[in-house]
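The values are calculated or read from the model by the stated rules, or taken from the named source; none is laboratory data. Every value quoted in this text rests on a predicted model; they were computed, and no experiment measured them. Cβ placement follows ideal geometry from the backbone for every residue including glycine, while neighbour counts extend to all protein chains displayed. Protein only, heavy atoms only, side chains kept; ligands, DNA and RNA dropped before computing areas. Shrake-Rupley method; radii C 1.70, N 1.55, O 1.52, S 1.80 Å.
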Amino acid sequence: MRSALIFLFVVLSAAPLFAGADADLRKGNKAYDNEKYGQAFEFYNKAAQDGANDKGFYNSGAALYRLQDYDAALQAYEAVEDSSEFKQSSYYNAANAYYNMGNSEEAIKNLRRALLIKRDDKEALHNLQFVLKQQQNNKNKQDKNNNQGENNKQQDNQDNSDKENQSGNSGSNGEDEEQQNRPEDSPEQKQLSPNEADNILQMSKEHSNNKKKDFSALGAGTVEKDW
């Protein structure tokens with residue numbers, strides 16, 4: 001299980017600055033475990049100011065994420081140094097925050113950054129595939145709606161044209177009237193357009209490849225990782 005919370009500590013120097021930061025981190029962990037995320041953030045933030053920069057910022061992001069303050073959580077994750085051992089998980093957790101904010105584009109960017117650092121991160125890869133598939137599904141739906149709207153417009157124009165022709169040819173013979181009154185082919189009898197055929201084929205492929213595990217359910221649980 002992933003975690004934005006760091007449990008692994010190294011031996012620190014006896015300097016009061018770092019000793020204080022270490023104590024704040026431990027207090028923050030205790031508050032976090034008790035689901036007192038506001039208190040946990042205060043301890044983690046203090047630890048970051050007292051010298052435990054990357055751990056403090058990273059854990060602050062976890063507490064803020066739990067508080068659903070995603071904007072502030074992102075700022076904390078961005079404060080983690082690029083050279084830090086926690087940067088890869090920072091990108092992963094930032095992607096979760098962006099996804100919960102409805103920003104799929106930034107979620108994709110951060111998942112790709114996480115995978116550049118750790119290519120065998122299966123959860124990051126799964127989430128990336130899920131968001132990309134969801135994005136494509138949304139595009140297909142939008143294209144389908146646009147095509148349907150255009151088809152409806154063309155049908156309305158055709159109906160209006162037929163009415164005008166019927167009105168102008170009211171004195172025609174019985175054969176013409178029979179031709180005009182002949183019902184149109186049903187939608188099922190019409191040949192699919194290339195776009196409609198492609199959309200159906202795409203939807204079929206996506207359905208067969210679809211996984212039961214989804215990103216939204218995964219996102220809430222994967223902010224935690226054992227260290």
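Which one is farthest from ALA40 (Cα to Cα) among residues in segment 56-71 that are open to solvent by less than 10 Å² (accessible area, probe 1.4 Å) and more than 19 Å from the chain's Cα centre (by Cα)? Per the stated criteria, the residue is TYR58.
Step by step: first the residues of segment 72-98, then only those that are closer than 22 Å to LEU125 by Cα and among the charged types (D, E, K, R), then the one that is surrounded by the fewest Cβ atoms within 10 Å (Cβ to Cβ). Which residue is that? Restricting to residues being closer than 22 Å to LEU125 by Cα and among the charged types (D, E, K, R), the top hit is ASP82. Residues of segment 111-142 that are within 14 Å of the chain's Cα centre (by Cα), of a type in the set (A, V, I, L, M) and open to solvent by less than 60 Å² (accessible area, probe 1.4 Å): LEU111, ALA124, LEU128, VAL131. Pairs linking a residue in segment 77-90 that is at negative phi to a residue that is of a type in the set (Ser, Thr, Tyr) and outside any helix (DSSP H, G or I), with Cβ atoms under 9 Å and 6 or more positions apart or on different chains, are SER89/SER3; SER90/SER84.
One line per residue, one yes/no per condition, for (1) of a type outside the set (Asp, Glu); (2) at pLDDT 95 or above; (3) under 27 Å from the mean Cα position of the chain (by Cα):
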residue: MET1; (1), (2), (3): yes, no, yes
residue: LEU17; (1), (2), (3): yes, no, no
residue: PHE41; (1), (2), (3): yes, yes, yes
residue: ALA76; (1), (2), (3): yes, yes, yes
